[in-house]
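Have a look at the structure below, then the notes.
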Amino acid sequence: MRRLLLSSTALALLLVCVPAHAQNPAQNPVYDLFRDYLDSLRAQAGIPGLAAAIVDSDGIVWQHAYGRQDLTRNVSTRTDTPFHAGGLTEMFTATMVLRCVEEHRLSLDDRVGKFRPNSAEPNSTIRQLLTHTDDNQTFAYRPERLEPLWVAVRACTDNSYRETLATLLERVAMVDSVPGTDIVNLTPPAEGIPDPAEADQYASVLQRLATPYAVDSKGRASASQYSMSTLTPSSGLISTVYDLAKFDLALRQGLFIRRETLDAAWRAPVGPGNQPLPHGLGWFVQPYNAESIAWQFGLDESAGSALMITLPARGVTLILMASSDRLVKPLPLAAGDITLSPFARLFLNLFAR
């Protein structure tokens, strides 16, 4: 695989995404209010460890970590604590696919059977997979349908899906991110085997991975296990809020795909009766107070959860990663309404007024 070298772009992003206290942003009481209410919500949900960041067009403007990433060892959560990103992985898959579409190596109307003839739905298109729709433009959130995109990305890049993702992570210096926990144990003929230096780097990140917790009805946390042990187009990425901030900034600055491509991804498709559907090309999309929201969530039952919410018109993104599933569960976010989340409502009420 690649050597861990930082491009000039990556170095620039490292300078932009410095800790908020180092940036000395203008003091704004709304951030203090957000910090305190977020901690209250975390306590009510029984989340042992939570990391959060807010990103604007210049970089991280606010970040905070709450609780413990390991209760037994009394290790505090940090904004560079690695968590399972879960369904946030889909945003990275969509970014890679859309880059291929821009380069005319793939088409959103390519059918799955072109890449995987024995697929359960060979006539479905890439567009339908990314929007979670079918031939009748009916929406149903089924992340496992993204699996054929593993092969589609390989057909486009002449590299494995895992290595293509690893290259994307390296490009913006996401040094605390890992393309699948099993990458340190891959052996031939597996694709995307890292070189020894890369394997050591990934292993050091995984040693700091937040301990997953199951939380009972009384808010009591007990150590559990992550269910995802490999990388897929819909799950498996390990990352931090600090690294995800770099991805968000690079995405909105047009480093990966053109802005018009991103705008199209964040535009709701139209279903029967000309009704907007809740999922664009890799992101959920919905209106809020006469503007649009683009968002995605990650969920590992009884283990972890994550949220990313972007206000495109304002150029502001919230990133949350937790060591239990209580950011998402038991909310029916798969139906496409982020306002069901008290965490999202807090953000929207303060930053989208």
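The values are calculated or read from the model by the stated rules, or taken from the named source; none is laboratory data. In this text the structure is predicted, and so the values were computed from the model without any measurement. For neighbour counting, all protein chains shown are included, and Cβ atoms are generated from backbone atoms with ideal geometry for every residue, glycine included. To get the accessible areas, we keep the full protein, side chains included, count just its heavy atoms, and leave off ligands, DNA and RNA. Shrake-Rupley method; radii C 1.70, N 1.55, O 1.52, S 1.80 Å.
What the table below lists for this structure:
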item: Qualifying residue in the range 259-277 (condition: touching a Leu at 6+ places or on another chain (Cβ under 6 Å) and part of a helix (DSSP H, G or I)); result: yes
item: Selection status of Val184, touching a Pro at 6+ places or on another chain (Cβ under 8 Å), touching a residue at least 12 places away in the same chain (Cβ under 8 Å) and open to solvent by 20 Å² or more (accessible area, probe 1.4 Å); result: yes
item: Count of the range 286-303 residues which are more than 17 Å from the chain's Cα centre (by Cα), part of a strand (DSSP E or B) and not hydroxyl-bearing (Ser, Thr, Tyr); result: 3
item: Unique residue being open to solvent by 20 Å² or more (accessible area, probe 1.4 Å) and closer than 17 Å to Ala166 by Cα when the list is Leu255, Leu277; result: Leu255
item: Sole residue being more than 21 Å from the chain's Cα centre (by Cα) and not hydrophobic (A, V, I, L, M, F, W, C), chosen from Gly282, Gly219, Gly180; result: Gly219
item: Which listed residue, of Phe247, Phe284, is in contact with a Pro (Cβ under 6 Å, 6 or more places away or on another chain) and open to solvent by less than 20 Å² (accessible area, probe 1.4 Å); result: Phe284
item: Cβ pairs under 9 Å, 6+ apart, first in the range 64-80 and without any contact (Cβ under 8 Å) to a residue 12 or more places away in the chain and on the phi > 0 side of the Ramachandran plot, second open to solvent by 30 Å² or more (accessible area, probe 1.4 Å) and part of a strand (DSSP E or B); result: Asn74/Arg68
item: Subset of the range 185-209 that is of a type in the set (A, V, I, L, M, F, W, C) and within 21 Å of the chain's Cα centre (by Cα) - its residue that is nearest to Leu255 (Cα to Cα); result: Val205
item: Some residue of the range 53-67 being closer than 30 Å to Gln253 by Cα, part of a loop (DSSP other than H, G, I, E, B) and hydroxyl-bearing (Ser, Thr, Tyr); result: yes
item: Arg99 vs. criteria of a type in the set (D, E, K, R), under 16 Å from Val172 (Cβ atoms) and in a helix (DSSP H, G or I); result: yes
item: Pairs with Cβ under 8 Å, 6+ apart, first in the range 31-45 and open to solvent by 70 Å² or more (accessible area, probe 1.4 Å), second of a type in the set (Phe, Trp, Tyr); result: Arg35/Trp62
item: Qualifying positions in the range 140-161 - farther than 15 Å from Glu90 by Cβ and outside any loop (DSSP other than H, G, I, E, B); result: Val151, Arg154, Ala155, Cys156, Thr157
item: Meets criteria (under 20 Å from Pro233 (Cβ atoms) and at pLDDT below 95) for Pro330; result: no
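Residues checked against (1) surrounded by 22 or more Cβ atoms within 10 Å (Cβ to Cβ); (2) not polar (S, T, N, Q):
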residue: Thr125; (1), (2): no, no
residue: Asp135; (1), (2): no, yes
residue: Phe139; (1), (2): no, yes
residue: Ala152; (1), (2): yes, yes
residue: Ala155; (1), (2): no, yes
residue: Ala166; (1), (2): yes, yes
